[in-house]
Amino acid sequence: MTIEAIFLTQIASIIVFVIALFVLYRVLVEQKDATIQLQKENIAYIKDQLVEAKSQSPEIIVQSLSVRVKPL
């Protein structure tokens with residue numbers, strides 16, 4: 001093998017390594033963004049549940065349960 005061939009293979013391996021690093025970085029950033037988006041959706045869902053729970057006072061729950069039990 002000539003020195004030029006060894007040099008070219010080293011340059012090629014360095015380029016492939018740098019490309020692999022950038023690809024890995026992009027995958028990790030996309031995963032991070034997806035995780036953040038999922039957490040935002042979970043927060044919105046839980047806030048909706050909280051609003052719904054606050055709107056149902058205990059009296060409303062008792063009334064709805066008594067309507068169910070009354071026919072029995």
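Things worth noting here:
- Residue satisfying condition, being in a helix (DSSP H, G or I), more than 31 Å from the chain's Cα centre (by Cα) and surrounded by 10 or more Cβ atoms within 10 Å (Cβ to Cβ), within set Ile15, Ile43, Ile19: Ile15
- For region 52-66, the criterion of being of a type in the set (Asp, Glu), surrounded by 10 or more Cβ atoms within 10 Å (Cβ to Cβ) and within 26 Å of the chain's Cα centre (by Cα) is satisfied by no residue at all.
The numbers here are math on the coordinates, done by the rules we state, and not lab data. It should be emphasised that the depicted structure is a prediction, and the values quoted were computed from it without experimental measurement. Cβ sites come from the backbone with ideal geometry, for glycine too, and all protein chains shown count toward neighbours.
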